[in-house]
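My questions will all concern the structure given below.
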Amino acid sequence: MKTYANTVNGRPVTSERTFESRNPATGEVLGLVPISTAAQVAQAVAVAKAAQPAWAARPDAERKALLMQVAEVIKANADPLAQWVTREQGKPLGGVGPDQVPGSRFELWGCEVWTQVPASLELPVDLAFEDATRRDEVHRKPYGVIAAIAPWNWPLLIAIWQIVPSLRAGNTVVIKPSEYTSIGTLEMVRLIAEVLPPGVLNTVSGDGTVGAALVDDPRVDKIMFTGSGATGAKIAATAAKHLTPTTMELGGNDAAIVLPDADPKAIAMGLFWGAFINMGQTCACAKRLYVPDSLHDAVVAELKALCEAMPMGDGMAPGTVMGPMQNRMQFDKVSRLVERARADGAIVVCGGKPPAGPGHFFPLTLVTNIDDGAPLVDEEQFGPVLPVIRYRDVDDAVARANRLDVGLGASVWSPDIDAARAVASRLQAGTVWINQHGMIHPMVPFGGVKGSGWGVEFGVDGLKAVTQPQVISIKR
Ligand code: NAD
């Protein structure tokens, strides 16, 4: 069984202890992942610290050019890396580009684009004030060493979101992938680190204890975390100890609100992918669907037809549109939420019963006759189950959408854009999509409010988030 390696200072690093990475579709062991020791974590941070001044001192144009080379490396290796994502994370290979089934090839295409965009954005010096007596310029400086902690749902794409803007701005990075999806990330970093100076991009691997050691290192200058609110709270407590700044991309429980004038047929496909992309294991999936009484049955019928039409299986098999869930823990959580809803009188319109056999397969599931307060509505299910909730009037829908303590995304569905925008502006969420859901873009800032976190990624704002302002104030 092959043991995969971390990359530290441009060199492979293995550890005495390892753990198995498994294919969620088959249970097959894919390889062994090192468990970084505390000393190895400290060494990775030390290396990143030592490499940072020279990396930051390079002309910006050089960092941009190197990151464009990184995009080329990702493109050249997109096939094997997409296979890693499918075998380790579970999503089907799918196609390339925004119009294709959003699987692993889509994820790799995203990695390429989310590398090119931050590599080509400008971070201009802002003029804050100028008159006859003074001139005040705001320059952007890197933080230093960024510690990045990634989740398992979009393992390579989220790693790229953390790595590339950080490097572009002159930071160096130590990243820890999720213990559920480490090999793909270690392989991607191994490949892209080949075109970067040694020490600029490093990995450590293992479970939460390794992540905890990384964020507790006082030489870390900023933490970028994407994952659950519970882990975010622990990391924020550690960060508070060292006064380390953080970006927190946490969980959500996005509401999608269908307005009474929507056409169920026209919105069904958008709603479907909004809820079920990556088997619902996406932070900004639609996780609660609010529909007016008048449209309830028609919307449910359209979604049911789509749920039943999507072939589910091993993501490596051609034609697969839906893969397994990534891990047993999440599968068990989803099973428990559906069983509880059923026991409380909800109607399981389709799906609900996992098939026998290997793999964490859970069928696409719609649940009706359910209301706010039910665990399936109030907790983040993070899986292929969508509760559909009736509402009385739009004020009622807005109040229901806003009642939870998270606010990542939300969506409003209507042909009347002004009416939809008016509802959107009342929703407590970092992004409100109109007639689409979860449609992130590398130029558009993305982040949560309330318990979904703080700080943004993507676009110029995302680049600024991995820098700190320095004012140069000149007397005239
Ligand atoms: P998780 O919080 O369990 O794990 C995330 C990472 O944190 C893993 O690498 C894990 O090893 C590490 N970790 C665990 N304990 C730690 C500790 N004490 N200190 C440091 N690191 C620690 O989350 P997950 O289950 O991998 O991901 C699913 C969650 O992530 C969902 O809630 C989802 O909504 C959220 N998410 C949010 C976004 C976003 O952009 N807002 C994107 C994707 C996923």
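The values are calculated or read from the model by the stated rules, or taken from the named source; none is laboratory data. Since this is a predicted model, take the numbers as computed values, not measurements. So basically every Cβ, Gly included, is an ideal-geometry build from the backbone, and we count neighbours across all protein chains shown. In case anyone asks, the SASA skips ligands and DNA or RNA and just uses the protein heavy atoms, side chains included. Shrake-Rupley method; radii C 1.70, N 1.55, O 1.52, S 1.80 Å.
Run the simple label-point estimate for Arg11 and Asp396 please: 7 Å along Cα→C-beta, distance reported in nm.
Going from the Arg11 label point to the Asp396 one covers 6.7 nm.
Taking a label point 7 Å from the Cα of Arg340 along the Cα→Cβ vector, which residues of region 370-412 have an amide N closer than 17 Å to it?
370-388, 404-406
On to the next question. At what distance in nm do the modelled label points of Glu308 and Arg134 sit from each other, each positioned 7 Å from its Cα along Cα→Cβ?
Calculated label separation equals 7.1 nm.
How far is helix 78-89 tilted, in degrees, relative to the longest principal axis of the Cα atoms in the chain, given as a value from 0 to 90 rounded to the nearest 10?
60 degrees
Just to verify a number: FRET efficiency for Ser228 and Asp263, C-beta to C-beta distance, R0 = 30 Å, to 0.05?
0.25
Related question: Could you do me a favour and compute the accessible area per residue for region 1-130, 1.4 Å probe, result in Å²?
Roughly 46 Å² per residue, with all protein chains present.
In degrees between 0 and 90, to the nearest 10, how far off the longest principal axis of the chain does helix 229-242 point, with axes built from Cα atoms?
That works out to roughly 20 degrees.
Would you mind getting the accessible area per residue of region 251-345, heavy atoms of the protein chains only, 1.4 Å probe, in Å²?
For region 251-345, the per-residue accessible area is 36 Å².
Further question on the same structure: Could you state the angle between the C-alpha long axis of helix 155-168 and the longest principal axis of the C-alpha atoms of the chain, as a value from 0 to 90 degrees rounded to the nearest 10?
Tilt of helix 155-168: around 30 degrees.
From the cross-link list Lys287/Lys353; Lys49/Lys75; Lys64/Lys176, which pairs have alpha carbons spaced over 22 Å apart?
Lys49/Lys75; Lys64/Lys176
Mind checking which of Pro12, His139, Ala128 is farthest towards the positive end of the chain's charge dipole, using Cβ charges of +1 (Lys, Arg) and -1 (Asp, Glu) about the Cα centre?
Comparing the listed Cα positions along the dipole, Pro12 ranks first.
Can you pull the percent of the chain's accessible area that's carbon plus sulfur, 1.4 Å probe, other chains left in place?
Numbers: 10310 of 18410 Å².
In the chain, the share of accessible area belonging to carbon and sulfur is 56 percent.
Could you tell me which residue out of Met443, Val398, Ala419 lies farthest along the dipole of region 380-476 toward its positive end? Charges go on the beta carbon: Lys and Arg +1, Asp and Glu -1, centred on the Cα centre.
Farthest towards the positive pole: Met443.
Ok, one more. Stretch Ile474-Ala240 to full length: gain in nm at 0.36 nm per residue minus the Cα-Cα span? It would help to have the intermediate numbers written out before the result.
Values: separation 234, 0.36 × 234 = 84.24 nm, distance 3.41 nm.
80.8 nm is the gain from fully extending Ile474 to Ala240.
With a 1.4 Å probe and every protein chain left in place, tell me how much accessible area Cys283 has, in Å² to the nearest 10.
Accessible area, nearest 10 Å²: 30 Å².
From the residues Pro354, Leu289, Val377, which one has its Cα farthest along the dipole of region 254-441 in the positive direction, the dipole being from +1 and -1 charges on Cβ of Lys/Arg and Asp/Glu about the Cα centre?
Of Pro354, Leu289, Val377, it is Pro354.
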